[in-house]
Amino acid sequence: YRHLRTLVERGYVAQEPQGDKYCLTLRLFHIGRGIADQTGFQVEARNIMPALRARVGQSVAIGQIEDGGVRIVDILRHRSDVEISSRPGALLDFHCTAQGKVALAFGPAALRQKLRRAPLRRWTAATIIDLDRLESEIDRVKKRGWAVAPGEILSGINALAAPIFDASGKLAGTIGIPGSIQHLASRPAPELVSAVLDAAADLSQRLGYMEAAAS
């Protein structure tokens, strides 16, 4: 009974107005739907991640947007003498990571507004903490369709990321590749940009996105 009352208090179960019967609420349904959507996202992502890794010779990371940042939900590592990648479950800041900037550029406007409520953390000397400068950077990301963050969270390390859209045209997640500044410059080689954009477009299409219909 205590467990049942807790579920009622949390909004997952409701008691009928007349009688002692209880029923599940739509809140539980939405949680289940969210889990199913995430699972489908990851399944489709794993279909295209190997090809991107082979094309660029770097690890590939998939992220999904949360209130506090971009959560890395899957990684396909590239085995080499020096490996650069995040760990699954890591939460990336919006303002100083490539995947975070993609979320700000293509996600809900509320994400950008939220950044103005507290000072931005400076991770390195290259971290953008000036809001006006960050807004300009995000506008550039939206125009070109991809983002980088050279040395902004860790000196000498960069990442390149692009948006993934779902069937409704909303941002479903991000796909990115990390690398050292030597291999992934602040202005990445065109072939790397094309590879990441192609992978993002492929995954978006698998999720039902149609660019013409969305525009």
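Mind checking the angle between helix 131-144 and the chain's longest principal axis? C-alpha axes, 0 to 90 degrees, to the nearest 10. Roughly 80 degrees between the two axes. Think of each Lys and Arg Cβ as +1 and each Asp and Glu Cβ as -1; about the Cα centre, that makes the dipole of the stretch 45-194 roughly 140 debye.
For the chain, what does -39500 (n - 2.57) per DSSP helix run (n ≥ 4), summed and divided by total residues, give at 222 nm, in deg cm²/dmol to the nearest 500? That comes out to -13000 deg cm²/dmol. From the Kirkwood radius over Cα pairs of the chain, Stokes-Einstein at 20 °C and 1.002 mPa s returns a whole-number translational diffusion coefficient of 115 µm²/s. Rolling a 1.4 angstrom probe over the chain with all protein chains present gives an accessible area of which 52% lies on carbon and sulfur atoms.
Note on the chain: GNM, Cα springs under 10 Å; of K101, K21, K142, the largest mean-square fluctuation is that of K21.
Rounded to the nearest 10 degrees, the angle from helix 26-56 to the longest Cα principal axis of the chain is 20 degrees. A protection proxy built from the mean count of other Cβ atoms within 10 Å ranks the segments 193-203, 63-73, 154-164, most packed first, as 154-164, 193-203, 63-73. When the P(r) of the stretch 105-215 is calculated, the portion above 18 Å amounts to 55% of the C-alpha pairs.
Number of Lys-Lys pairs in the chain under 30 Å by Cα, sequence gap 8 or more or different chains? Taking the Cα cut-off of 30 Å, the pair count is 9. The calculated FRET efficiency for the pair R144 and A118, based on their C-beta separation and a Förster distance of 25 Å, comes to about 0.35. Expressed as an acute angle from 0 to 90° and rounded to the nearest 10, what is the orientation of the C-alpha long axis of helix 190-206 relative to the principal long axis of the chain? Here the helix axis deviates by roughly 20 degrees.
Given a 1.4 angstrom probe, what's the average accessible area per residue across the stretch 42-186, in square angstrom? Could the numbers behind the result be given before it?
Values: 6970 Å² over 145 residues.
Dividing the accessible area of the stretch 42-186 by its residue count gives 48 Å².
The values are calculated or read from the model by the stated rules, or taken from the named source; none is laboratory data. Values in this document were obtained by computation on a predicted structure and should not be read as measured data. In this analysis, Cβ positions are derived from the backbone assuming ideal geometry, glycine residues included, and neighbour counts consider all displayed protein chains. These accessible areas exclude ligands, DNA and RNA; they are computed on the full protein's heavy atoms, side chains included. Shrake-Rupley method; radii C 1.70, N 1.55, O 1.52, S 1.80 Å.
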